[in-house]
Structure formats: C-alpha cells, structure tokens
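First comes the structure, then the notes that go with it.
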Amino acid sequence: MNYDYIVVGHGLAGAILGYTLRKQGQRVLVIDEPKQNSASRVAAGLVNPVAGKRFAKSWLVDTLLPFADAFYDELEAHFQQPLFFHKPIYKVFSTIEEQNNWMAKSAGDSWSEYIGATYTQSTGMETVQDQYGGILIKQGGYLLVSHTLDLLTQELLEAGLLLPERFDVAQLQLTEQGVSYKGITAGHLVFCEGWQAVHNPYFQWLPLQPTKGEVLEVHTENFNPECIYNKAVYVVPVGEGRFKIGATYNWRQADEEPTPEGEAELTERFEQITTQPYQVKNHWAGIRPAVRDRRPLIGRHPAHAQLSVFNGMGSKGVLMAPFLADMFAKALAGKAEVLPDVQISRYYSLYYDYLKHHNQES
Ligand SMILES: Cc1cc2nc3c(=O)[nH]c(=O)nc-3n(C[C@H](O)[C@H](O)[C@H](O)COP(=O)(O)OP(=O)(O)OC[C@H]3O[C@@H](n4cnc5c(N)ncnc54)[C@H](O)[C@@H]3O)c2cc1C
C-alpha cells in the first residue's frame, strides 16, 4: 500500500491537516490511537478573538479567524449538520482596575470589528454578577470538537484510511522515497501527536510544555445560553441547560486525571459569575500541547526531510489549525512557505544540542 502521506495522530491537528491534504488531492493514511481524554476530546472548543487579561488581539487573528470560519462552514456543508456555533462572548470585568485597563487600551486600538459593546456598569442580567460591567466580544463561538472528530474518524474508517492503533516508531524505516511502516509506504510522514510528541525520538528536542487542563460540565436553569461568558473561567453553553466551565492550567501535573482541586477551582470561579444553583454533571482532564514561546511547531525534521511535525496548538487549536494546516499542506507541496513564527527551524539549535548530548551518552 502506497500513500502520499501518513499522518500520525487524529486529534484536532491531525484531523484538520489530514482533511486538508485529502482536499488537495493527496492520498493520506491516518494512524491514531483513540483516546477519549485527548486535549481535543475534552476541549470546550472555544474561539475568542480577544486574548487574556491583557486585552490583546489574539495572535494573527485577522487571518486565522476568517479562515477558520470558512473551514468550519465547509465542514458543516460536507457533513450536512451544524458543528460551529457563533456566539458573542461577554467578558465580565472582575474589578474596577480591569475596567480602567480596558478603557485605556481600547482608546488606541483597532478593535471595532471584534467589540460589540462596552458596559461600564452592570447590564442588569439577574443571573450574572457583573457589577463593573464588561465588553461584548463579537465573532466568538465554539466548535463541537469531539463530535467533529467522530464524524471525520467515521469517514476515514469507512474509506479504509484510518488505522486505529498506536504508531510504533521503532518500526518506522526511512527510505530514499520517503518512509516505510509495517509494509505501508508513503512519500512523507507528519507527526500530529499532541503533547505525546515528548516521547517521539525524532522530535523530543522540541520545547513542548505539556499543560494539564480540567473542564466541568454543569447543568443550570435560567442562565442565558445566547452568549459565552468569561470572568476568570469560560462558561460555554452547549445546549439543554448544560454549560462547559473551563479551564484550569497546570504545568506541574503530567497526568490526565480529573482532581478535586481542579473541580474546586472551577466551581469557585463559576460562582463569581453566577449565584444560580447548578449541578456538576461531568468532569474531564486533558493535556494541551503548549510551547515555550506560545507559537505552534510546524515543519520538517532538520535531518530527515521525509518527516515533519504539525503540533503545538496550545490552547487555541480550533482557531489556529485550519489556516496553519492549509499553509503547511501547501508548503509540503512546495507551493508556500511556513510562517517563520511557527516554523520549527527557530528551534533547530535545540536539535543540534540534543544530538551532541545523545552522542556523548552513547
Ligand atoms: C481542558 C482543555 C480545554 C481546552 N479548551 C480549548 C478551547 O476552548 N478552544 C481551543 O481552541 N482549544 C482548547 N484546548 C486546546 C486544544 O484542545 C488543543 O489545541 C488541540 O486539541 C490539540 O490537538 P492535537 O491534535 O495537537 O492533540 P491531541 O488532542 O492530544 O491529539 C493527539 C492525538 O494523537 C494520538 N497519538 C499521539 N501519539 C500517538 C502515537 N504514537 N500513535 C498513534 N496515535 C497517537 C492521540 O491518541 C490523540 O488522538 C483545550 C485543551 C484542554 C486540555
């Protein structure tokens, strides 16, 4: 069996890259060990064009957002069902200082396309604690990530293009034509393993910083599901009175287990948004493939041109993956360049250090 590409990993990164490569006419085989608590499976799927407490426009958002919108529209048409839900995000100010910061910041910036309204006092919504007001962010929304992955997985399985098993890197052979693996050949192999790339002997020199996150699903009546809320946590309406509350960030724990501390942190923060009664229905944990400089990791191996990596989506895979997959698929075909900000060549010096260290040990 011969393919143009083998893609290892079918989380959000591998699924979107695989779909994009197929759309460009490539023959693609995906190898993925199914994992119910992968980062992609537990993610709330949120897209927010305005990042964090510093009120900065999210990196490259003017390019990434229209591309992501068009990509998910196309996926919805392909599967004939809604997958991405456009919702405004009500970013509630926690303190008067936060309100002041925003007022100072917004005066000099080109925000208008992302900001629907600024409230300097409570909106008067009975269920929301917003005494200092907040801003209404436009062009936000969320993707049903797990369901989208189910659809893409099913399609690949039916076409015989997915091996649902762990990729055993010890069985990979590098050849003049590309790669060979258990009798399967391909011109190129792309690793999309998420945080597990830290175990990959070809790419473990990359500065991935696996970052654990926990998410709750709660049920509450009388909470307006027409927008996403953000005040220390995100509250994402997912239908039928259910909301996803997330997420925690933990660099020190490398496991994927939900913890009582994670639940306490999330419920405490949720209670800063609303006084409504609620019940916790679900609790998940997963590990994000975050990167030291908070930019993805994309590109060919410095010594083995038939291997590359598409990873490091951190906490923004839904927003970033569609544009970056398109860019990378074109780059692999020699029709585009990978943006320097995300190109792994920025870390090649780590590879040479790693080689030196490795050779000294052996
Ligand atoms: C709690 C939490 C909340 C989040 N919320 C959001 C959000 O609201 N919005 C957003 O955009 N992002 C969010 N993220 C981040 C988002 O989940 C990631 O950016 C994205 O899902 C990463 O996708 P990935 O495909 O790189 O990795 P993963 O999702 O980890 O997928 C990797 C896949 O590769 C497989 N794999 C790995 N190694 C091998 C191997 N050797 N052989 C076979 N298969 C292998 C794994 O089993 C898995 O299926 C969140 C993450 C967490 C943890």
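Descriptive notes on the structure:
- Residue check for residue 326: open to solvent by 20 Å² or more (accessible area, probe 1.4 Å), part of a helix (DSSP H, G or I) and at pLDDT 95 or above: yes
- All of (1) open to solvent by less than 10 Å² (accessible area, probe 1.4 Å); (2) within 13 Å of the ligand (Cβ to nearest atom); (3) among the polar types (S, T, N, Q) hold for residue 308 with one exception: (2).
- Residue within the range 100-113 that is exposed (fewer than 15 other Cβ atoms within 10 Å of the Cβ), of a type outside the set (Asp, Glu) and modelled with pLDDT of 95 or more present: no
- Any hit, the range 67-75, residues being hydroxyl-bearing (Ser, Thr, Tyr) and either at pLDDT below 95 or touching a Cys at 6+ places or on another chain (Cβ under 7 Å) (or both): no
- Qualifying residue in the range 39-46 (condition: among the basic types (Lys, Arg), more than 16 Å from the chain's Cα centre (by Cα) and either open to solvent by 10 Å² or more (accessible area, probe 1.4 Å) or closer than 21 Å to residue 297 by Cβ (or both)): no
- Screening the range 157-255 for strands (runs of 3 or more DSSP E) wholly inside it with 1 or more residues that are over 30 Å from residue 280 (Cα atoms) and of a type in the set (S, T, N, Q) returns the ranges 172-174, 179-181, 184-191.
- Inter-residue pairs, beta-carbon under 6 Å, first touching a residue at least 12 places away in the same chain (Cβ under 8 Å) and at positive phi and in the range 308-326, second near the ligand (Cβ under 8 Å from one of its atoms) and part of a strand (DSSP E or B), 6+ apart: 312/289; 314/288
- Test: residue in the range 205-212 that is surrounded by fewer than 13 Cβ atoms within 10 Å (Cβ to Cβ) and polar (S, T, N, Q): no
- The range 234-279 - residue that is within 12 Å of the ligand (Cβ to nearest atom) and within 16 Å of residue 87 (Cβ to Cβ) and, of those, surrounded by the fewest Cβ atoms within 10 Å (Cβ to Cβ): 238
- One residue alone among 298, 287 is outside the structural domain of residue 26 (by TED's automatic domain parsing), buried (at least 22 other Cβ atoms within 10 Å of the Cβ) and within 16 Å of the ligand (Cβ to nearest atom), and that residue is 287.
- Condition check for residue 281: over 17 Å from the mean Cα position of the chain (by Cα) and assigned to a strand (DSSP E or B): yes
- The residue that is nearest to residue 198 (Cα to Cα), counting only those in the range 10-28 that are within 12 Å of the ligand (Cβ to nearest atom) and open to solvent by less than 10 Å² (accessible area, probe 1.4 Å), is 14.
- Test: residue in the range 334-344 that is assigned to a strand (DSSP E or B), in contact with a strand residue (DSSP E or B) (Cβ under 6 Å, 6 or more places away or on another chain) and more than 16 Å from the ligand (Cβ to nearest atom): yes
The values are calculated or read from the model by the stated rules, or taken from the named source; none is laboratory data. These numbers come from a predicted model, not from an experiment. Note that we place each Cβ from the backbone using ideal geometry, even for glycine, and neighbour counts take in every protein chain shown. Surface areas here come from the heavy atoms of the whole protein model, side chains and all, with no ligands, DNA or RNA. Shrake-Rupley method; radii C 1.70, N 1.55, O 1.52, S 1.80 Å.
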